[in-house]
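See below for the structure under consideration.
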Amino acid sequence: MNIHLRMLKVFTAAFLRQKKSENLLKPFVMTMRVWPMDLDFNLHKNNGRYLTTMDIGRMDLAFRAGLHKPMFKYKWMPLLGSSTIRYFKSLRPFQKFNLETRIVGWDDKWVFMEQKFISKGHLYAVGTVKVLFRGKEGNIPTDKLLKYAGIDDQSPDIPDWVLQWHHADRKLGETYKKY
């Protein structure tokens, strides 16, 4: 299925949904299939398509959280700050898989998410991302964003390896800030 059709499905479901999801800290699962346009020359899911699929999973989570309303009302844009992905196995043509997207924690600026590609109980890839939303006035503070999503809690403990990745990513950004 074309990426645009997948996104249209997510957008349509968001506006037809009567209420937002209750527990936003649990994994949200989307079932998908590897289509021919997802393949590379090795006839498995192209590494770039994993990242595009992850975009769709994050939009689905944001919409289930009810964030589509302020996104359209205030023209907020979700922005990916950084990502890392680890591949374990190849997803083959027409293979069915689940994309599990979950929030692992947040700080004042970033929301950290984990996204897993699972098929028949086997992990094929796992990605970690940090995202924020930006509006006309600049970055939307995480507490404001989470309030719209109905989350008033403190962040869960962010895994050490995610914090180390975030720290290394910040250092990388500082290294290239002059550009």
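Please tell me if Lys89 is open to solvent by 10 Å² or more (accessible area, probe 1.4 Å) and over 26 Å from Gln164 (Cα atoms). No: the conditions fail for Lys89. Just one of the numbered conditions (1) within 23 Å of Lys147 (Cα to Cα); (2) more than 14 Å from the chain's Cα centre (by Cα) is not true of Ala62: (2). If you take the residues in the range 57-77 that are in contact with a strand residue (DSSP E or B) (Cβ under 8 Å, 6 or more places away or on another chain) and surrounded by fewer than 18 Cβ atoms within 10 Å (Cβ to Cβ), which one is nearest to Ala125 (Cα to Cα)? Restricting to residues being in contact with a strand residue (DSSP E or B) (Cβ under 8 Å, 6 or more places away or on another chain) and surrounded by fewer than 18 Cβ atoms within 10 Å (Cβ to Cβ), the top hit is Met77. The one condition from (1) under 24 Å from Met77 (Cα atoms); (2) assigned to a loop (DSSP other than H, G, I, E, B) that Lys178 does not meet is (1).
Of the residues making up the range 111-125, those that are within 17 Å of Gln95 (Cβ to Cβ) and open to solvent by 10 Å² or more (accessible area, probe 1.4 Å) are Lys116, Ile118, Lys120, Gly121, His122, Leu123, Tyr124.
Mind checking whether some residue in the range 102-120 is under 20 Å from Val29 (Cα atoms) and in contact with a Pro (Cβ under 6 Å, 6 or more places away or on another chain)? Yes; the residues of the range 102-120 include at least one that is under 20 Å from Val29 (Cα atoms) and in contact with a Pro (Cβ under 6 Å, 6 or more places away or on another chain).
The values are calculated or read from the model by the stated rules, or taken from the named source; none is laboratory data. All of these numbers come straight from a predicted model, not from anything done at the bench. Every residue, glycine as well, gets a Cβ built from its backbone with ideal geometry; the counts of neighbours run over all protein chains shown. What goes into the accessible areas is simple: the full protein's heavy atoms, side chains included, and nothing from ligands, DNA or RNA. Shrake-Rupley method; radii C 1.70, N 1.55, O 1.52, S 1.80 Å.
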